There are 2 protein chains.
Amino acid sequence: MATEIKGLTKRSVNYSQWYNELVVKAELAEQADVRGCMVIRPYGYAIWEKIQSELDKQFKATGVQNAYFPLLIPKSFLSREAEHVEGFAKECAVVTHYRLKTNETHDGVVVDPNAKLEEELIIRPTSETIIWNTYKNWIKSYRDLPILCNQWCNVMRWEMRTRLFLRTSEFLWQEGHTAHATREEAEDRAKMMLKVYADFAEKYMAVPVIQGVKSETERFAGALDTYTIEAMMQDGKALQSGTSHFLGQNFGKAFDVTFLNKENKPEYAWATSWGVSTRLMGALIMTHSDDNGLVLPPRLAPLQVVIIPIWKTDEQLGLINDKVAKIKANLEAMGISVKYDNDDQKRPGFKFADYELKGVPVRVVIGARDLENGTAEIMRRDTLEKQTVSIEGIEDTVKTLLDDIQDNIYKKALDYRNEHIYECDNYDEFKEKIKEGGFFLCHWDGTAETEAKIKEETQATIRCVPYMFEQTPGTDMVSGKPSKYRVLIARAY
Amino acid sequence: MATEIKGLTKRSVNYSQWYNELVVKAELAEQADVRGCMVIRPYGYAIWEKIQSELDKQFKATGVQNAYFPLLIPKSFLSREAEHVEGFAKECAVVTHYRLKTNETHDGVVVDPNAKLEEELIIRPTSETIIWNTYKNWIKSYRDLPILCNQWCNVMRWEMRTRLFLRTSEFLWQEGHTAHATREEAEDRAKMMLKVYADFAEKYMAVPVIQGVKSETERFAGALDTYTIEAMMQDGKALQSGTSHFLGQNFGKAFDVTFLNKENKPEYAWATSWGVSTRLMGALIMTHSDDNGLVLPPRLAPLQVVIIPIWKTDEQLGLINDKVAKIKANLEAMGISVKYDNDDQKRPGFKFADYELKGVPVRVVIGARDLENGTAEIMRRDTLEKQTVSIEGIEDTVKTLLDDIQDNIYKKALDYRNEHIYECDNYDEFKEKIKEGGFFLCHWDGTAETEAKIKEETQATIRCVPYMFEQTPGTDMVSGKPSKYRVLIARAY
């Protein structure tokens, strides 16, 4: 596929446009010819596969098993849990018919009016209802609990304004759904999975996140508590990157899922659900990338090292090829992915720009003169710094550099975020400063009225009550009423 | 989940019922409360994950990359390729609306009539159309080719009569879609992927398959050639287990996908597509399993070894626990999956029956007296043979046994199939013998008329022109006309 490397809009000029262009130019994804849906291209999907593979391993380490539940949900299921239907059932794709037929002019197909479904089916926007309808048959006794299922699948929410990875009508995700015998066990599970998400975001994506609990207004529809991880993008806006819900007995009651406890008495099962989606791709891209293109954390980069030769004669190329074959084999034996690009149809300058755009963490250039000197030029994508290194032992140099890049981009993102977190006790000041982005730690009186006022006047929302800061009581900056703790407020994607 | 081990219908009594019961009792899958759809339970999904993981590795080894394309396809796309729409567009789920609203009595939701789509969307029954509509933008020059994409996803075909894994309205599969600059390269790719499927079926699933090419009648809608692998079930019926299609330039033309060749002249791109689905689960179950339950090939078994202690006193159990901990660690270090089931709430007899039902390839039983003697009892699931072995070196015994089971069940299935392949040149004899099942190698005049007559009179179909037998010309057993080769005829799932 011909990559067109044209000028990428600079972040400082238009951050939003920079993101939209980058996703397409780096061949991560593109808009499909189906409203609001995306095509995830091989390079983007390769990153998603790495995300999936690592998360899946971590879920399984906590005892979770994968399963698969139907795509389509009977319309009536959605109405069973009153809050859930309010939050979810509205903007979704509705299947009403099951057959097409050839049209009268025999040049196309039309919906067969005789093939109307008795009850419409909804493409899952999330699967609590169909899963709890199934769990009803699996759960009889406390001995059947806990049930710890996850599924990797597609879901659909009919979004009016879409952006690649951040908000699309169809997206890919995982949704975990657990059933427990006690409230405490369910609450612990909801918190445990948030921690899995937070650790993954920080250690693999190199994206620092703030963990906390949502306000009632921002909770998942049907949850008693929603835990969240919130990341800061380079424009100071928040991106909710994963959520874990303690659902209480709401779905147990809605779908009549009871079990006999140790005292042989029936009880409703306790539930959690938790998910991350292809939205993580958006967080990854926006946190680290720059005006030259993607910057990818080595742990999730589909290609970690590219080696590019520079030569004039076939003899020179032959010598470089031989030398690189050994380096490549050594690096691969160390578990490092490497591409050697000696395509003679593309100039080195074109290749440099292309791999920068694609965010390959380490670039090694070997020229004929380098070979004579026993050296190579290494560039690290995060800082664009070049250095000349010895070919002897270059494998260890590369390995160390990859680790260093992983650490450095995390640290850079962490520093940026910490520099843009402000304690604020004055609403006028807040209203002014929020325009520039950033996270604000403000006292809140706990009322939905104050929350709504802030949102209406500033487009900022309460992201969470963060765990990580020590809290002392104070005074709500808007209402002047007493406040138990500070909440994290930001404009968000 | 409480496993109910009740009598499984014997294969000899009712093969079809045996299969239906086994899938449910072994907790592989169950009917969902959505017409024609299934829930794949964790144990069934664990087998599917092993199938996916190995196939995915093999696809990638041939240069294939994964990607993701939209679930929904605009209705008009289906009409672009004339044969394709005939074969696929009819029985499918149609999305006509994108919003629900609260009903008048405020106790449910109804479809919002104001949210009707301008053009209906179809849930993909297969993705050639949406993918070739996308490839149009990816392909400009021969340098952009080949494109080798695969996606793992769900698809939907509105089936009237469904059976778990074998035929469900929604199923999981992978669909590969490649684009090439030459006819030859595309044909080679279609054949290459069939070989990947055949090797996987034989080496991993231990299911022998016959490779061949479909008759025109049985071809994929829109293909110039369909290659297939056909397996024989224990009732002598054929199960089509994977297909690979050479699509010629049909989709290139339908979606106007042209490239500039080396002579700088525009040409339509050449296509293939190929897929296997959760139907493979059906093939796996039906090929090997017996009246006691599943028999799984060790290479795809989620759990390869179960160790069960038999004890009277806590002291005895403690000693066995210690001994087993070492054996388990050793086996796991060899890459073998092991479960130690010392649950004191279930009797050994219950456990034996349960793990037999689940098809765990090797069972090790260690009792208090065994421990004194330094022995253990090993049972292999395929033959149910038990032997007493020394605990010293038991890890190697188990490893050898697993390999032996893998080989043995393949050989058993191969022998069974070979015993039930018949050359037949007399149509009356054929009509009689086909009632008992089996594969028939018969001369065919190559006409659709003869093919239709056989199907109508015997419910048997031409499965393929097989590669693997030496062919000589002859006389069609039905029409008496000349025939170029024998075809494989069977009743099929």
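Structure summary
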read-out: 7 Å along Cα→Cβ, label-point gaps from residue A:203 to other copies, nm, shortest first; value: 3.3
read-out: Euclidean distance of C-alpha centroids, the stretch B:435-493 and the stretch B:130-188, integer Å; value: 29 Å
read-out: Approximate spin-label separation residue B:344-residue B:467, in nm, with each point projected 7 Å along Cα-to-Cβ; value: 5.8 nm
read-out: Largest-first ellipsoid semi-axes for the stretch B:328-466, taking √(5λ) over the Cα gyration tensor eigenvalues, angstrom; value: 49, 16, 13
read-out: Cα-based Kirkwood hydrodynamic radius, the stretch B:156-247, one decimal, Å; value: 14.5 Å
read-out: For the stretch B:216-372, share of DSSP beta bridges that run antiparallel, in % to the nearest 5; value: 65 percent
read-out: Qualifying GluC sites (Glu not before Pro) for the stretch B:50-159 [loop in DSSP, other Cβ within 10 Å: at most 11]; value: B:104
read-out: Rounded D (µm²/s) - the protein assembly as shown, Kirkwood Rh over Cα pairs, Stokes-Einstein at 37 °C, 0.692 mPa s; value: 105 µm²/s
read-out: Share antiparallel - DSSP beta bridges, the stretch B:305-401, percent rounded to 5; value: 50 percent
read-out: Shape of the stretch B:1-78, Cα gyration tensor, a/c cut at 1.5; value: prolate
read-out: The stretch B:421-490: radius of gyration over Cα atoms, expressed as a fraction of 2.2 N^0.38 Å; value: 0.97
read-out: Where labels lie 7 Å past Cα in the beta-carbon direction, separation of residue B:333 and residue B:60 in nm; value: 2.8 nm
read-out: Rg over Rh [alpha-carbon atoms, Kirkwood Rh] for the stretch B:112-220; value: 1.04
read-out: Computed log₁₀ I(q)/I(0) - Debye formula, equal Cα scatterers, no solvent, chain A, q 0.05, 0.11 Å⁻¹; value: -0.24, -1.02
read-out: Rg/Rg_globular for the stretch B:305-401, with Rg_globular taken as 2.2 N^0.38 Å and Rg from C-alpha atoms; value: 0.99
read-out: The stretch B:393-423-the stretch B:244-264 distance, computed between alpha-carbon centres (Å); value: 44 Å
read-out: Set A:90/A:214; A:50/B:262; A:484/B:101; A:411/A:433; A:116/A:191; A:203/B:358 screened for pairs whose C-alpha atoms are more than 32 Å apart; value: A:50/B:262; A:484/B:101; A:116/A:191; A:203/B:358
read-out: Sparse-neighbour loop sites [GluC sites (Glu not before Pro); the stretch B:186-292; at most 16 other C-beta within 10 Å; DSSP]; value: B:216, B:263
read-out: Evaluated at q = 0.13, 0.18, 0.22, 0.29 Å⁻¹: base-10 log I(q)/I(0), Debye formula over Cα of the stretch A:384-426; value: -0.47, -0.66, -0.81, -1.01
read-out: Exam field: residue B:403 pseudo-label spacings to other copies (7 Å along Cα-Cβ), nanometres; value: 3.7
read-out: Shape category assigned to the stretch A:205-341 from the gyration tensor of Cα positions, a/c cut at 1.5; value: prolate
read-out: All-pairs alpha carbon distance profile, the stretch A:1-132, 10 Å steps from 0, percent; value: 9, 21, 27, 27, 15, 2
read-out: B:485, B:19 arranged by Cβ crowding within 10 Å, fewest neighbours leading; value: B:485, B:19
read-out: Relative contact order %, the stretch A:421-490, counting alpha carbon pairs below 8 Å whose residues are six or more apart; value: 40 percent
read-out: For residue B:335, inter-copy label distances in nm, listed shortest first [label point 7 Å out on the Cα-Cβ vector]; value: 1.6
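Bear in mind that the values in this text are calculations on the coordinates, not laboratory data. What you see is a predicted model, and the numbers here were worked out from it, not measured in a lab. We place every Cβ from the backbone using ideal geometry, glycine too, and count neighbours over all the protein chains shown.
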